[in-house]
Ligand SMILES: Nc1ncnc2c1ncn2[C@@H]1O[C@H](COP(=O)(O)OP(=O)(O)OP(=O)(O)O)[C@@H](O)[C@H]1O
Ligand SMILES: [Mg+2]
């Protein structure tokens, strides 16, 4: 993570330099105070006669010092912020990019809530740590070391007081930090949980209301929040003991300085002004030690967060890129998909294979249907084509090349997919469709939208293609969302188009028109269509019937009706439900 700071080396040098200026001014003040007391007021070097001019002049010097110190402090603060904010910005950008590059399995493993916390709160904690290190830490160290030097230069005897006070304070700091350290990691995990529940409920707010589960979900949130508050309170409670203990030690030290100072003044070894200066120095020294608590707190919290960010940044690439860069395959196998002895087990799921020994070839330009009971592995099978996951056993080939050998981007340029749940972004309809292929012109956009049966309803929207869609497509119906998602897939103009139950919300007439136009306008594309209804895929060249992760049969609709019992069963059950639609 230090590499992110290299760019800001100038700020890292200038911040402590200006901070040094501020501290020097702070340490200079007690000296001048001592002059005012000894020479200006008591007139120790002038037979007991004070000097008002000296008081005024030294007073003015003190004001000057405060001003210079203040300016140094402001400049150092500005540089520290410039450094930490820019550092945080770079880190956030890269962490986000890394999250974007995650495979589905990695995103599931971290959980969305935790990734949100890491990209937001954790980076803020590390940002604070950077700012604290180049400013707070430097200030504390300089005040501490400078204070001791200045105090000892007044009189070495004061050193005994510093030493005696330093030991218990150091003991306190170490004790409290040891206790608090493990709590900071826990604090971030609790925050993950709160974000996780929050995110699930905000995005699923409609379902929560529909099922009147507000109370249940509020309780779930309360529990998560309680966990966070509880840990926070434990940290705060710990530190609340610390401040009074430190204050007691500080006050005892001040009394000790006065006592030692009194003896020294009596013995003629020090002046009252020296004692006053020593009181200020001891306060500065011990305050500096106390501030190390805040610094350690920020270091502990920051390093717990840094560890969590490193876990993301250093997460090894799950699906390594291959070397095939040339996506422009021509020839016979353009658009061909082949599964060879493919089995698949979800890394985070039960150890049961979801796909078992699949052997299947989908030919270029073919319209290929997949049907089967819910949960039988249809989505999993097609997710292996653009390599959202790697087959646990066996291989998947696209255009005759193993998907593992492609650069992922090249492979995904060939394969357009409309997922089971349509993802719609809160921007215009046009941008949502062009998202699939930003280079596409207006004609291609119209062709894609017309093919997806989306053009007519888009024209009826208040501002047509420029209508802004509400968050998560809330302002559209389920079927409208699906048609926009399909337009996006079509406009990508890849060799392969996968529709994973992407027309489930369309009425049969619209769906039939869509498939009809798809084969007329994009005949060369290989189309893989997953559907729950036989009516959706009956015109496909071939249909695979899946059962429990295996392909039970694969043939045309008519042949399957003759040869495949499961297919006939599905057909008959759907015939009962709405026979006229199928026939
Ligand atoms: N990310 C995941 N982690 C673990 N298990 C998963 C994951 N996704 C799916 N599964 C499991 O894999 C099996 C197959 O899921 P898949 O989504 O492929 O089914 P499907 O045939 O597409 O079902 P549907 O028709 O309901 O969409 C299911 O038992 C499911 O529980
Ligand atoms: Mg599915």
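Quick rundown of the values:
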read-out	value
Rg in Å to one decimal, and Dmax rounded to a whole Å, for region 1-132 via C-alpha atoms	25.0, 86
Computed [θ] at 222 nm, helices only, for the chain once each DSSP H run of length n ≥ 4 contributes -39500 (n - 2.57)	-20500 deg cm²/dmol
Convex hull per residue volume in Å³, alpha carbons only, for region 437-495	89 Å³
Rounded to 10°, Cα long-axis angle of helix 478-491 versus longest principal axis of the chain	90 degrees
For region 259-316: rounded, prolate or oblate by the Cα gyration tensor [a/c cutoff 1.5]	prolate
Values of log10 I(q)/I(0), in the order q = 0.17, 0.18 Å⁻¹, for region 337-582 under a Debye, Cα-only, solvent-free model	-1.31, -1.41
For region 180-233, alpha-carbon Rg over 2.2 N^0.38 Å	1.29
Sequence ranges 522-534, 253-265, ranked by mean other-Cβ count within 10 angstrom, highest first	522-534, 253-265
Residue 315-residue 251 FRET efficiency (beta carbon distance; Förster radius 41 Å; 0.05 resolution)	0.20
Cα centroid separation - region 144-196 against region 266-285, whole Å	24 Å
Region 8-313: C-alpha gyration tensor shape, a/c 1.5 cut-off, then a/b vs b/c	prolate
Cα-based shape type of region 331-437, given that a ≥ b ≥ c are square roots of the gyration tensor eigenvalues and the cut on a/c is 1.5	oblate
For region 483-545, Kirkwood radius (reciprocal of mean inverse C-alpha pair distance, Å)	11.9 Å
Cα long-axis angle, helix 442-451 against the chain (0 to 90 degrees, to the nearest 10)	60 degrees
Between helix 158-203 and the chain: long-axis angle, C-alpha atoms, 0 to 90°, nearest 10	20 degrees
Counting DSSP beta bridges with both ends in the chain, the antiparallel % (nearest 5)	50 percent
Diffusion constant of the chain at 4 °C, which comes from Stokes-Einstein with the Kirkwood Cα-pair radius and 1.567 mPa s, µm²/s	43 µm²/s
For peptides 81-90, 301-310, sequence by mean Cβ density within 10 Å, most packed first	301-310, 81-90
Region 226-345: Rg to Rh, with Rh as the Kirkwood radius over Cα pairs	1.51
Peptides 391-400, 490-499, 220-229 ordered by average Cβ neighbours within 10 Å, highest first	490-499, 391-400, 220-229
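Any read-out appearing in this document is the output of simple, stated calculations on the displayed coordinates, not a laboratory observation. Nothing here was measured: the structure is a model prediction, and the numbers come from that model. Neighbour counts are summed over all protein chains in view; Cβ atoms, including those assigned to glycine, are modelled from backbone coordinates with ideal geometry.
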